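First the structure, in the form of structure tokens, and then the observations on it.
The values are calculated or read from the model by the stated rules, or taken from the named source; none is laboratory data. Source: prediction; values computed, not measured. Virtual Cβ from ideal backbone geometry, glycine too; neighbours counted across all protein chains shown. Note: areas computed on protein heavy atoms with side chains; ligands, DNA, RNA excluded. Shrake-Rupley method; radii C 1.70, N 1.55, O 1.52, S 1.80 Å.
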Amino acid sequence: MASNHKHGDPLPETVLRVKSLESLLIEKGLVEAEALDALIDRYENKVGPKNGAKVVARAWVDEEYRQRLLTDATAAVAEFGFTGAQGEELVAVENTDKIHNVVVCTLCSCYPWPVLGLPPVWYKSAPYRARVVREPRKVLEEFGTLLPDDMEVRVWDSTAETRYLVIPKRPKGTDGMDEEALAQLVNRDSMIGTREAGKLPVAEGT
Amino acid sequence: MDGVHDMGGMHGMGPVKPEENEPVFHADWEKRMFAMNNAISAVGVRNQDESRHARERMDPAKYLGSSYYEIWLDGLIRILSEKGVISEEELSGTVPAKPVSIPRPALKGEDVDTVMDKGGNYIAERGKSARFKVGDKVRAKNIHPVGHTRLPRYARGHIGEIVADYGPHVFPDASAQGKSDPQPLYSVKFASTELWGPDGTEGDYIFIDLWDDYLEAPGDAA
């Protein structure tokens, strides 16, 4: 896990074992190949951080929506049709001039799928899980996010089924932008809390 | 269990290494592994907490040296074997696949979006009554259950404050043993310096979701 970099070169026996397992589960009627294909398609192509970006941009331009999001994030996010697995109980936490929020799952990989899709490798890696609860400022610095000393850092450890979504601060100089343009500024990491919005474009599939 | 998966606060893990333009999956086998683990939930042979506990019981040296979906592979084979659903002999092909009876039918491709949009439910209609309320100071118990638990080691013995009551939820420690024991789930706020002493940061906080059974009044500590 510490490595988590070995994606290119898994042991050949790992690949074989996954194939054997799939064949066996299909033969026993426990899974169907078409369902596996549909699950992969869903999380590769349909559900990802662009969902969360839409939610955040709406909160930036619509004060009533922002209030609904902070009061009951599950319901507010469902207004966009984003619901379900690993996001059954959403809580939105807002970054301000005084508070910076960042999310982790120290025990494994809990992550708000309906708004962010599947987590990046670093989020599931030992270094992030181990360090961000103890030295969040140092970890954020490595992401290029420098917080002033008087900023309160809040780390949310997702130990239950509650899934946390960070509403990043709206970047300065964006007053004239509409919701759609603003959503382009909301990168995935800004909704985890490791970066600020506006620093990275929302790349395809990330 | 006090396993290597419970990583909060550990030293020596090195820097966090974000990957630029990271794809959702890094190889075809990762996709299949991800999908199998999700699809099989539909048949109801194991619950989420049993699944998590199976992953935590991977050989610790292997766990630390494995990628994420390698851990999923190990965990899924482990739990399905323990449930008597599959065997190593079937996997290796030394014996033919035996038929199994399953509580619910397999997930169909056309139902994937509906089922995933619906998700699971971990909220209980009723459960043990709440022993704490928002604003209460509580101590995370110094306990070391051998089974599955969602009380991270770094919180144990430390005092925090209840900041939200999320209502009765299925208790994962019980759920991993096929039971439910629903009880209140709280958001508990811990000062960084309470958890890490002088190595913490004054004015920073860690919020952890904790169930009623994990907590005691600060004066009750043994």
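Among the cysteines of the protein assembly as shown, A:Cys108 have no other cysteine beta carbon within less than 4.7 Å of their own.
Helical runs (DSSP H, four residues minimum) scored at -39500 (n - 2.57) apiece and divided by the length of chain B put the mean residue ellipticity at 222 nm at -7500 deg cm²/dmol. Between the C-alpha center of segment A:149-171 and that of segment B:81-120 there is a gap of 37 Å. For the pair A:Thr174 and B:His11, label points projected 7 Å from Cα toward Cβ lie 4.0 nm apart.
Over chain A, dividing the summed -39,500 (n - 2.57) contributions of all DSSP H runs of at least 4 residues by the number of residues returns a 222 nm mean residue ellipticity of -10500 deg cm²/dmol.
May I ask for the distance between the Cα centers of segment A:21-82 and segment B:132-154, given as a whole number of Å? Each part reduced to its Cα centre gives a spacing of 31 Å.
A simple charge model with +1 on the Cβ of Lys and Arg, -1 on the Cβ of Asp and Glu and nothing else charged puts the dipole of segment B:151-190 at about 160 debye relative to its Cα centre.
Peptide A:156-169 is shielded by partner chain Cβ atoms: per residue, an average of 5 of them sit within 10 Å of its Cβ.
Among B:Pro18, B:Pro182, B:Pro99, the largest mean-square fluctuation in a Gaussian network model of chain B (Cα springs under 10 Å) belongs to B:Pro18. Each of A:Leu146, A:Ala160, A:Leu30 was placed along the dipole of chain A (beta-carbon charges, centred on the mean Cα), and the one lying farthest toward the positive end is A:Leu146. Inter-label distance, A:Ala33 to B:Gln177: 4.3 nm, where each label sits 7 Å from its Cα along the C-beta direction. Segment B:7-40 and segment B:184-222 have their alpha-carbon centroids 29 Å apart. Among B:His169, B:Thr193, B:Ile159, whose Cα projects farthest towards the positive end of the dipole of segment B:153-211, with charges put on the beta-carbon of Lys, Arg (+1) and Asp, Glu (-1)? Of B:His169, B:Thr193, B:Ile159, it is B:His169.
The A:Glu64 and B:Val163 beta-carbon pair, evaluated with R₀ = 25 Å, returns a calculated FRET efficiency of approximately 0.50.
Using +1 on the beta carbon of Lys and Arg, -1 on that of Asp and Glu, and nothing else charged, what's the dipole of the protein assembly as shown about the Cα centre, debye to 20? All intermediate terms of the calculation are to be shown ahead of the outcome.
On the way: 52 positive and 69 negative charges, 128 e Å.
That gives a dipole near 620 debye.
How much length is gained if the chain between B:Ser87 and B:Lys108 is pulled fully straight, taking 0.36 nm per residue apart and subtracting their Cα-Cα distance, in nm to one decimal? Please report the intermediate quantities before stating the final value.
On the way: separation 21, 0.36 × 21 = 7.56 nm, distance 2.44 nm.
Here the answer is 5.1 nm.
Between B:Val134, B:Val170, B:Val16, the residue with the greatest mean-square fluctuation in the GNM of chain B (Cα pairs under 10 Å linked by springs) is B:Val16.
For chain B, dividing the convex hull volume of the Cα atoms by the residue count gives 180 Å³ per residue. Per residue, segment B:136-216 exposes 35 Å² of solvent-accessible protein surface, assessed with a 1.4 angstrom probe and all protein chains in place. What the Cβ-Cβ distance of B:Arg126 and A:Asp72 gives, at R0 = 22 Å and to the nearest 0.05, is a FRET efficiency of 0.55.
Using a probe of 1.4 Å on the protein chains alone, the accessible area found for A:Asp97 is around 120 Å².
A:Leu11 sits with roughly 100 Å² accessible to a 1.4 Å probe, with DNA, RNA and ligands left out of the calculation. Of all the options A:Glu135, A:Glu179, A:Glu196, the one that moves most in a Gaussian network model of chain A with Cα springs shorter than 10 angstrom is A:Glu135. Remark: spin-label model distance B:Glu202-B:Lys98 equals 6.5 nm, labels positioned 7 Å along the Cα→Cβ axis. Note on A:Lys124: accessible area is roughly 10 Å² with a 1.4 Å probe, heavy atoms of protein only. Here's the picture: charge each Lys and Arg Cβ at +1 and each Asp and Glu Cβ at -1 in the protein assembly as shown, and of A:Ile99, A:Ala76, B:Val138 the one pushed furthest to the positive end of that dipole is B:Val138. Report, to two decimal places, the Cα Rg of the protein assembly as shown normalised by 2.2 N^0.38 Å (N = number of residues). The protein assembly as shown yields a ratio of 0.96.
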